[in-house]
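Taking it in order: structure first as structure tokens, then the write-up.
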Amino acid sequence: QVQLVESGGGSVEAGGSLRLSCRVSGDNYDGYCMAWFRQAPGKEREAVAAADTTGDISYRDSVKGRFTISKDNSKNTLDLQMNSLKPEDTAMYYCAAARGGYSAHLVTTQRMDHFFSYWGQGTQVTVSS
């Protein structure tokens, strides 16, 4: 099976930046739709960014212009650069993978988390005001 391990979380003041990295092992991620999800206490899990097998990239509206998802193909990692962080971004962030050619746009606009079979353990992001 594929294994996903997130890193890069931490505590930062509002307006600051963090870069999350998801290390993928057990398989090459180019056969999967990859995404970053987050879940804050008391709230539903939501996708913030996705990169699908066609090369399409999509973002949740609330993070557009602030977050950037990217793949480092040489290292088989999925990264999430988060700039201009807000307290509302505070959540546990998860890397996830889905095999099946799912649309990045759909992942970030619809409830698609149930299609993702592989999940990391999460990395905490805390943004103080």
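The values are calculated or read from the model by the stated rules, or taken from the named source; none is laboratory data. Note that the coordinates shown come from a computational prediction; the quantities given were computed from them, not determined experimentally. Here the Cβ positions follow ideal geometry from the backbone for every residue, glycine too, while neighbour counts run over all protein chains shown. Please note that ligands, DNA and RNA were not included when accessible areas were found on the heavy atoms of the full protein model with its side chains. Shrake-Rupley method; radii C 1.70, N 1.55, O 1.52, S 1.80 Å.
In the chain, what percent of the accessible surface is made up of carbon and sulfur (1.4 Å probe, ligands and nucleic acids excluded)? Reported share for carbon and sulfur atoms: 45 percent. Using alpha carbons only, how many angstrom separate the centre of region 1-65 from the centre of region 84-99? Using only Cα atoms, the two centres lie 6 Å from each other. Backbone phi angles across region 89-99, fed through the Karplus curve with coefficients 6.51, -1.76 and 1.60 (θ = phi - 60°), yield HN-Hα couplings of 7, 4, 4, 7, 9, 10, 8, 9, 9, 10, 8 Hz in residue order; Gly and Pro are listed as x. With all protein chains kept in place, the per residue accessible area of the chain amounts to 49 square angstrom at a probe of 1.4 angstrom.
Within the chain, the cysteines lacking any other cysteine Cβ closer than 4.7 Å to their own Cβ are Cys33.
Residues Arg38, Arg99 ordered from highest to lowest accessible area at a 1.4 Å probe: Arg99, Arg38. By the helix-only formula, in which each DSSP H run with n ≥ 4 contributes -39500 (n - 2.57) and the sum is divided by residues, the chain has a 222 nm mean residue ellipticity of -1000 deg cm²/dmol. When all alpha carbon pairs of region 56-129 are counted in 5 Å bins from zero, the resulting P(r) reads 3, 13, 21, 29, 22, 9, 3, 0 %. Rounded to whole numbers, the Karplus 3J(HN,Hα) couplings from phi for region 109-126 are 10, 10, 6, 10, 4, 5, 7, 8, 8, 10, 9, x, 7, x, 9, 7, 10, 10 Hz, using 6.51 cos²θ - 1.76 cosθ + 1.60 with θ = phi - 60°, and x at Gly and Pro. Here the calculated FRET efficiency for Glu88 and Gln1, from their Cβ-Cβ distance with R0 = 22 Å, stands at 0.05, rounded to the nearest 0.05. Under the criterion of Cα pairs below 8 Å and six or more residues apart, the relative contact order for region 11-129 equals 36 percent. In the assembled protein chains, Lys43 presents an accessible area of approximately 130 Å² (probe radius 1.4 Å). Straight-distance candidates among the lysines for linking to Lys75, with alpha-carbon spacing under 26 Å and chain neighbours fewer than 8 residues away dropped: Lys64.
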